[in-house]
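Undergrad: For reference, the structure I am asking about is given below.
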Amino acid sequence: MKHMKLLATASALALATPAMADDVIIGVVVSTTSTYAFVGQPLVNGMRLAADELTGSDGWGGHNIEILYEDNRSERQEAIALITRMALSEEADIIIGPIASSEAMATGPVAVDLEIPMFTTATSPAVLDAGEWVFKSTETADAYMAPVAEHVVGLSPEDCFLVSIRDNEGYILQRDVFRGILEDGGVTIAGDETVLAADTDFTALSTLIVNSGADCLFVTAPPEQAANIIIQARQAGLDPETILASDSGAGSQNYIDAGGSAIEGTFFPASFVADASESAAAFSAAYVDAYDIDPDIWAATGYTMMQTVANAIRNAGEDVTRESLREAMAATRDFPVVMGQGTLTFDENRIPQMGGIVMQIRDGGRVLP
């Protein structure tokens, strides 16, 4: 790939070359089908791109790397089974995944019992309570949702209607953070309704939204479902001037494709903007070369996660073990990444700090508001 040399620069900044090569197995357990495929598919694409570049530039610090990719089909029990198998039968040294907070809450204790580092995309910080073997790649909701909520408050709506899914703690937390900031800013909550992740008929909900007359509608749910809620609200007579806001999933191509013109104007938090830095622009160009589509936040997240794991492998010593990888992950500071403000640091609670950006859907694209 013609941008490989540019992208390898970040990988080379934290090298700690071991004297001898060690065999390291990375297990990837993410959903590339079913509910969370909108995250899993670009996530894996980003990981594969990073892995190819790392291999081409000796970005693994001289170690021999094997990567095992498995689809847990958005099922908690399948994620538990796959992580257990990888840790025990396939002797993986670290696990990347799973995706959802609900999955990570179920698999975190398993990873801790097996003493294997687990690096999840789960949004809820509660997943870290399982123990020191669990890490997350996403900032907490109070960090990435706050700028969006504050931006909406700045638009001076009188009231806002909130919709979230109730069977995923991560979405509930995002709703709570958004609601709290709106209330602190003097915005009245016109309604606060929940749905299930499997729901598709929002006729009654749409009537509630429209009848509330709220100036703002906030929906936190998987992209296609969030788009469907807004589409049905539009069909029920939602005021075209209503301020729309959502979570990071609104930055995915799935949301844009599913929502069409109905979701125009949606504000959402972004941890990745293609032209935010030279490294982000180079990654974006390489991703387009590889997959013929612009990278979304999850593609950048997958790329960043694999780069972060590679950095830990380089810094884990001559004999790479699960324990040395855990320690190296926890010690990550100011590591160059393509996301946020350009560097990643794990705080004392293993929560990443990168910095977020408010974005908006406009003319089918993602732009700064």
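Undergrad: Quick one: count up the residues across the range 296-321 that are modelled with pLDDT of 95 or more and closer than 20 Å to V30 by Cα.
TA: Count: 12.
Undergrad: If you check D257 against the conditions, is it charged (D, E, K, R) and on the phi > 0 side of the Ramachandran plot?
TA: no
Undergrad: Another question, if that's okay. Is it true that some residue in the range 160-170 is surrounded by fewer than 16 Cβ atoms within 10 Å (Cβ to Cβ) and out of contact with any Lys or Arg (no Cβ under 7 Å at 6 or more places or on another chain)?
TA: Yes, the range 160-170 contains a residue that is surrounded by fewer than 16 Cβ atoms within 10 Å (Cβ to Cβ) and out of contact with any Lys or Arg (no Cβ under 7 Å at 6 or more places or on another chain).
Undergrad: Which of the strands (runs of 3 or more DSSP E) contained wholly in the range 82-155 include at least 2 residues that are aliphatic (A, V, I, L, M) and either in contact with a His (Cβ under 8 Å, 6 or more places away or on another chain) or under 19 Å from M47 (Cβ atoms) (or both)?
TA: Where strands (runs of 3 or more DSSP E) fall fully within the range 82-155 and carry at least 2 residues being aliphatic (A, V, I, L, M) and either in contact with a His (Cβ under 8 Å, 6 or more places away or on another chain) or under 19 Å from M47 (Cβ atoms) (or both), they are 94-96.
Undergrad: Same structure, new question: Consider N254 against the criteria (1) more than 27 Å from V177 (Cα to Cα); (2) part of a helix (DSSP H, G or I); (3) touching a residue at least 12 places away in the same chain (Cβ under 8 Å); (4) open to solvent by 10 Å² or more (accessible area, probe 1.4 Å): it satisfies all of them except one. Which criterion is unmet?
TA: Looking at each condition in turn, N254 falls short on (1).
Undergrad: Checking L173 against (1) touching a helix residue (DSSP H, G or I) at 6+ places or on another chain (Cβ under 6 Å); (2) open to solvent by less than 40 Å² (accessible area, probe 1.4 Å), which single condition isn't satisfied?
TA: That leaves (2) as the condition not met.
Undergrad: Looking at this structure, is F161 of a type in the set (F, W, Y) and either in a helix (DSSP H, G or I) or in contact with a Pro (Cβ under 7 Å, 6 or more places away or on another chain) (or both)?
TA: Taking the combined requirement at face value, the residue does not satisfy it.
Undergrad: Answer yes if at least one residue in the range 27-50 is under 18 Å from P117 (Cβ atoms), open to solvent by 10 Å² or more (accessible area, probe 1.4 Å), modelled with pLDDT of 95 or more and assigned to a helix (DSSP H, G or I), and no otherwise.
TA: no
Undergrad: Additional query: Tell me, please, whether a residue that is open to solvent by 50 Å² or more (accessible area, probe 1.4 Å) and at pLDDT below 95 can be found in the range 353-361.
TA: Yes, there is a match, as at least one residue in the range 353-361 is open to solvent by 50 Å² or more (accessible area, probe 1.4 Å) and at pLDDT below 95.
Undergrad: Count, please, the residues in the range 332-346 that happen to be modelled with pLDDT of 95 or more and surrounded by fewer than 16 Cβ atoms within 10 Å (Cβ to Cβ).
TA: Total meeting the criteria: 3.
Undergrad: Then there's this: State all residues of the range 189-210 that are surrounded by 14 or more Cβ atoms within 10 Å (Cβ to Cβ), farther than 24 Å from T123 by Cα and of a type in the set (S, T, Y); if no residue qualifies, say none.
TA: S206, T207
Undergrad: Can you pull out every residue in the range 66-81 that is of a type outside the set (S, T, N, Q) and part of a helix (DSSP H, G or I)?
TA: Matches in the range 66-81: R76, E78, A79, I80, A81.
Undergrad: Starting from the range 41-68, keep only residues that are over 19 Å from Y291 (Cα atoms) and touching a residue at least 12 places away in the same chain (Cβ under 8 Å), then list their pairs with residues that are polar (S, T, N, Q) and not in a helix (DSSP H, G or I) whose Cβ atoms are within a distance under 7 Å, requiring at least 6 positions of separation or different chains.
TA: If the second residue must be polar (S, T, N, Q) and not in a helix (DSSP H, G or I), the pairs left are G61/T17; G62/T17.
Undergrad: Sticking with this one: Working only within the range 83-136, note down all residues that are buried (at least 24 other Cβ atoms within 10 Å of the Cβ) and either in contact with a Cys (Cβ under 6 Å, 6 or more places away or on another chain) or small (G, A, S) (or both).
TA: Within the range 83-136, A92, G97, A100, S101, A104, G108, A111, A122, S124 qualify.
Undergrad: How many residues are closer than 22 Å to V112 by Cα, surrounded by fewer than 20 Cβ atoms within 10 Å (Cβ to Cβ) and hydroxyl-bearing (S, T, Y) if we restrict to the range 283-328?
TA: So the answer is 2.
The values are calculated or read from the model by the stated rules, or taken from the named source; none is laboratory data. These numbers were taken from a predicted model, which means no experiment stands behind them. So basically every Cβ, Gly included, is an ideal-geometry build from the backbone, and we count neighbours across all protein chains shown. For accessibility, only protein heavy atoms count, side chains too; no ligands or nucleic acids. Shrake-Rupley method; radii C 1.70, N 1.55, O 1.52, S 1.80 Å.
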